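Report on one structure; see the data block that follows.
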Amino acid sequence: MKTGSIKFTYRTPQPLKGWGCRFDSLTELRFAISVLEDHALIRSPLSLYFHPGSGQLTHFPKFAYRRYTPDFLIRNYETKKATLVEIKPRAFEDESSLALHQMVANNYIRTLKLDWQYKVIFDDEIILSAGQLTHYHDCLQLAVKDRFKWYEEYYKRITGNPHLTAHKSNAEMEFLMRGWLPEK
């Protein structure tokens, strides 16, 4: 007896967006909350253009090429280990595009000789501490339009950085991209 795979379809997500940052879903927000205390992070750090048949990378978008943008680049403050992260629902696990995106991301990492690894994190793997869970539920109690403002305040409180923005300082970007810390 054949078992057919059911094509995964997304439900309408609840995006959070604000100046300089955007979360496409509450799952991405949950992930950011879970890593913020011990990781530097940037949302949608880069776009990779590739041929859909071969997975071959190109530096410039061309006709018939596709774009893939991973969700986060994170780097642990203590170990300096960097991970390019894609957040997906568990039901997406068997989608063929996931393997293609993983191949494209790993080709990019290998080609540029970066110290990153690529990882798909499924929604059921995101574990919040009791305090983080309380904060997350506080956010969910807010009107959708107020949730991003809540995240900005949370980000400032946890990181001590007064600016939540996609435009990081040079020192922050050097740390995220290469693990280099500024000399004192």
Those trypsin sites (Lys or Arg not before Pro) from segment 41-130 that are DSSP loop and have at most 12 other Cβ neighbours within 10 Å turn out to be LYS62, LYS113
Exposure proxy check on ASP71, ASP124: fewest-to-most Cβ neighbours within 10 Å is ASP124, ASP71
Counting sequence-distant residues (5 or more places) and residues on other chains, those with an amide H built under 5 Å from that of HIS39 are TYR77
note: segment 16-178, Cα-Cα separations exceeding 29 Å make up a percent value of 21 percent
The answer for chymotrypsin sites (Phe, Trp or Tyr not before Pro) in segment 47-154 that fall in a DSSP coil and have at most 16 neighbouring Cβ atoms within 10 Å is PHE63, TYR65, TYR77
In whole percents, the bins of 10 Å from zero upward hold the Cα-Cα pairs of segment 83-141 as 20, 36, 27, 16, 1
Distance in Å, no decimals, from the C-alpha centre of segment 54-104 to the one of segment 123-149 is 25 Å
Sequence order, segment 98-111: Karplus ³J(HN,Hα) from phi using 6.51 cos²θ - 1.76 cosθ + 1.60, θ = phi - 60°, Hz rounded, Gly and Pro as x, gives 5, 5, 5, 5, 5, 5, 4, 5, 5, 4, 4, 4, 5, 4
Amide H neighbours of TYR118 at under 5 Å, excluding residues fewer than 5 places away on the same chain, with H built from the backbone geometry, are LEU84
Computed on Cα atoms, the radius of gyration and Dmax of segment 112-156 in angstrom are 14.9, 44
Segment 41-92, Kirkwood Rh and Cα Rg, ratio Rg/Rh at 1.08
Residues HIS39, HIS135 in order from fewest to most other beta-carbon atoms within 10 Å are HIS135, HIS39
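Any read-out appearing in this document is the output of simple, stated calculations on the displayed coordinates, not a laboratory observation. Computed from a predicted model, the values in this text were never measured in an experiment. Note: ideal-geometry Cβ built from the backbone for every residue, glycine included; neighbour counts use all protein chains shown.
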